[in-house]
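Scroll down for the structure; my scribbles are underneath it.
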Amino acid sequence: MNYLQTKMKKRQLLFLRDVLIYTFTAFGGPQAHIAVLLREFVEKRKYITEDELMELNALSQVLPGPSSTQTLVGIAWKVGGLRLAIITFLIWILPSATIMCMAAISYNMVANKSKFAHVISYVQPIAVGIVAYATYTFANKFLKTRISTMLAIGSLIVTLILQNAYAFPILILLGGIISSAMETQQHENELRVKLYSNVNPNKVAYFIGILLFFAALGAVVNQTSPLSLPIRLFENFYRNGILIFGGGQVLVPLMYTEFVEVKHYLGRSEFLSGYALQQALPGPTFSFTSFLGGITLGNKGYSIWGQVIGSLVAVIGINTPGLILILFIVPFWEDLKKITRIKNSLSGINAVAVGFMATALILLVRPFGLNWTAYALMIGTFLVLHFTKIKTPIVIIIGVVLGIIF
């Protein structure tokens, strides 16, 4: 092994060490994550330049999937190629996903204990307040035009009326088409041809084929088979991994509407308890799906090992589309970022996502009824997050303390 290879290997090992440290200290969601990456991976270690980081972050916003994960994997790809990118992904996702799987397995063992239930009664409205703040933040950021506002209101109304899982992909597609058609100038044909010439049709076929294969498999497998639900769960999570633009802030309302309100895989209390725990942990918001998969199979009578399989299916399903896309797109991002039609379609997609988030917020608040303590905790959480620099993990801990004291 020559000097350059040795130096490169040491650099990659140092990178993995920094990824491990980052994994256990990355609280606060995508906005906080990008600030840490800028400080630790750009300014301190100089793995990539600031411009490269900002471009990777912009790319992760354009693509569906977990934005923080895609940005980190993109950095790893630039530092050491595909192998380092895959190892980085596993280091980043496994710790929090494992904790959420263990929480799903143990949830039913403690859920009926009175003290636990009392503490959770304080934590759950705080989780709803976090969703309210995310909805407000998204709306403030993306509803800048009359078109985007109309799309958000339209998606809110449609999802409230239909409450059907198939409404989400249709509305996302319509939002992207409408905003792209109304905001893009007609001068990009030559550039689009250049981009499409770089696209390997086989990779596109694999990407879509995975979804179609598991959707078909779920349809033909006997519903009484123990494999039936895990297969259908994988399709559910993989499909949502394709649909979720904007990262974890959009993940939660989509998951709540489909898994709680439409398919009844788990209850509202279980969902909010898991979400609150995830918000108190470092790492990606998408690890919340590990809890959802584990709880779902637990509720359907599967064993502990069945719940572990549910968590694995969920984590793999939700993350695979974003992982494939970031590794597929990065090599020709220089061409992609020049196409304004893609950027303009994103504004419509984000506007529709705001409508989804507002729908979920309404559905989450509805069970409060006349519980004024819950409303106070929700509003208090929103105000704390909006007017102070206190992070969500601290707010969750405050809720736990209040539940213990009162």
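Spacing of the modelled spin labels on Arg146 and Arg11, each 7 Å from Cα toward Cβ, amounts to 5.3 nm. Computed over Cα pairs, the Kirkwood radius of region 57-118 leads via Stokes-Einstein (0.890 mPa s, 25 °C) to a diffusion coefficient of 176 µm² per second. For Phe213, the accessible surface of its heavy atoms amounts to roughly 120 Å² (probe 1.4 Å, protein chains only, rounded to the nearest 10). Heavy-atom surface analysis with a 1.4 Å probe gives region 7-98 a carbon and sulfur content of 64 percent of its accessible area. Under the simplified labelling scheme, the Lys263-Ser106 pair shows an inter-label distance of 2.7 nm, with each label point 7 Å from Cα along Cα→Cβ.
Where does the Debye-calculated log10 I(q)/I(0) of region 1-149 sit at q = 0.12, 0.15, 0.18, 0.21 Å⁻¹, using only Cα point scatterers of equal weight, no solvent? Debye intensities relative to I(0), on a log10 scale: -0.69, -0.93, -1.12, -1.31. Projected label points at Leu217 and Ile157, each 7 Å from Cα along the beta carbon direction, are separated by 4.1 nanometres.
The local environment of Leu364, defined by Cβ-Cβ distances under 11 Å, has a net charge of +1 under the rule Lys, Arg +1 and Asp, Glu -1.
A straight line joining the Cα centroids of region 19-61 and region 115-141 runs 26 Å. Which pairs, out of Lys46/Lys389; Lys263/Lys300; Lys9/Lys78; Lys44/Lys389; Lys115/Lys263, put more than 18 Å between their alpha-carbon atoms? As for pairs spanning more than 18 Å Cα to Cα, those are Lys46/Lys389; Lys44/Lys389; Lys115/Lys263.
Stretched out straight at 0.36 nm per residue, the stretch from Ile394 to Ser303 would grow longer than its current Cα-Cα span by 29.4 nm.
Net length available on complete extension from Leu227 to Val36 is 64.7 nm, with 0.36 nm assigned per residue and the Cα-Cα distance removed.
Taking 0.36 nm per intervening residue step and subtracting the Cα-Cα distance, what contour gain separates Ala117 from Arg45 on full extension? Full-extension gain reported as 21.4 nm.
The values are calculated or read from the model by the stated rules, or taken from the named source; none is laboratory data. Bear in mind the structure is a predicted one, so any value in this text is a computation, not a measurement. Note that each Cβ is placed from the backbone with ideal geometry, even for glycine, and that neighbours are counted across all protein chains shown. SASA here: full protein model, heavy atoms, side chains in, ligands and nucleic acids out. Shrake-Rupley method; radii C 1.70, N 1.55, O 1.52, S 1.80 Å.
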